[in-house]
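To start, the structure itself, in structure tokens.
The values are calculated or read from the model by the stated rules, or taken from the named source; none is laboratory data. All figures in this text were calculated on a predicted structure; none of them were measured in a lab. Here Cβ is always computed from backbone atoms with ideal geometry, including for glycine, and neighbour counts include all displayed protein chains.
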Amino acid sequence: MNKNQGSLLTSIYTIIALGITMIFFFPLWWSFSNSLRIPKETFTVTGVGIPFINFTPTLGNWTHQLSFPEAHIALYNSSIIAVISTALAVVVGLPAAYALARFRFRFPPNKDITIWFISQRVLPPAAAVVPFFVLWNMLGIYDTKFGMIIVQTTFIMPFVVVIVRQTFLDLPIELEEAAMVDGATHIGAFLKVAVPLSVPAIAAASLIMFTFAWNDYFFVSVLMMKNFTLPIYIAGGVDSRGVQFWFIAVRTMIAVILPLILCLLAQRYIVRGLTLGAVKG
């Protein structure tokens, strides 16, 4: 392949990548643009909906939506559930990942345990929601943030176990052995050597887990009533008058802003962490 052919292929791949990016970016742009329009301009604005060019932007929809207590309740509930679920998953999942990477179990073997963790993500939520519903009612934690935190932790923990386990496997065991020669225990080597070296993978897994807990709709819609979260609040934009696109756009942007900021702040950890630990079997 000559230099001209290589340049042509690079250009083609770049155009394809930009096209795919625009396809995924368009819903976010549509929500942002519609959140700044008055209701009658939802479908009447020409072009791609650029503020100040295709229409005159207004913050009326934002001030209207943010004035409702329901918006604050939904944002608070989503934040509490997502943050605590992610933290619990990390605290419980890291020792499990380390044990699967450094110790060999006979029954069940390490491979089966890893597959069991992965199965928690493969399991259809509909197959688990009824047992949770019955059990949570028996325990008196139905429609509570505590009950939802337990559910979310259960279903997002496989991310940290699988991703960080592979990172632990890639770390030279000699580093931990050297720490133990200096007097450290297995726990000390885990906390002072393995965990600090695995921060990129932990950050990547944490962001993935936070996003899944933040965006969950199915479990919240069944296991919570008064303690609704942002996905439920977004769905509330549909009422007897039809779909209120301008309000849904504002609510969508509220739900997107925090994960987007976290992605931008942790992007170097995401790429490095997933490259270190999640590409190998």
How about segment 6-37: which of its residues are loosely packed, with under 14 Cβ neighbours inside 10 Å and either touching a residue at least 40 places away in the same chain (Cβ under 8 Å) or among the aromatic types (Phe, Trp, Tyr) (or both)? 13, 24, 25, 26, 28, 29
Scanning segment 185-220 residue by residue, those closer than 19 Å to residue 75 by Cα and either not in a helix (DSSP H, G or I) or not assigned by TED's automatic domain parsing to the domain that holds residue 175 (or both) turn out to be 216, 217
Could you say which residue among 132, 107 is outside any loop (DSSP other than H, G, I, E, B), more than 21 Å from residue 186 (Cβ to Cβ) and not β-branched (Val, Ile, Thr)? 132
Of all residues making up segment 28-44, the number that are closer than 17 Å to residue 251 by Cβ and among the acidic types (Asp, Glu): 0
Does segment 136-159 contain any residue that is more than 21 Å from the chain's Cα centre (by Cα), of a type in the set (Ser, Thr, Tyr) and either part of a helix (DSSP H, G or I) or outside the structural domain of residue 196 (by TED's automatic domain parsing) (or both)? no
So, of the residues in segment 103-161 that are exposed (fewer than 12 other Cβ atoms within 10 Å of the Cβ) and of a type in the set (Lys, Arg), which turns out to be nearest to residue 82 (Cα to Cα)? 111
Determine whether segment 59-78 contains at least one residue that is surrounded by 15 or more Cβ atoms within 10 Å (Cβ to Cβ) and under 29 Å from residue 164 (Cβ atoms). yes
Answer with yes or no whether residue 71 is assigned by TED's automatic domain parsing to the domain that holds residue 256, closer than 18 Å to residue 247 by Cα, out of contact with any His (no Cβ under 7 Å at 6 or more places or on another chain) and among the aliphatic types (A, V, I, L, M). yes
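Going by the structure shown, is residue 134 under 23 Å from residue 227 (Cβ atoms) and of a type outside the set (Ser, Thr, Tyr)?
Here the answer is yes, as residue 134 does meet what is asked.
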Reported set for segment 221-268 where residues are surrounded by fewer than 21 Cβ atoms within 10 Å (Cβ to Cβ), part of a helix (DSSP H, G or I) and over 22 Å from the mean Cα position of the chain (by Cα) is 245
Residue check: is residue 89 closer than 30 Å to residue 193 by Cβ, surrounded by 12 or more Cβ atoms within 10 Å (Cβ to Cβ), touching a helix residue (DSSP H, G or I) at 6+ places or on another chain (Cβ under 7 Å) and touching a residue at least 60 places away in the same chain (Cβ under 8 Å)? yes
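Just one of 69, 95 is of a type outside the set (A, V, I, L, M), over 30 Å from residue 36 (Cα atoms) and modelled with pLDDT under 95; which is it?
95
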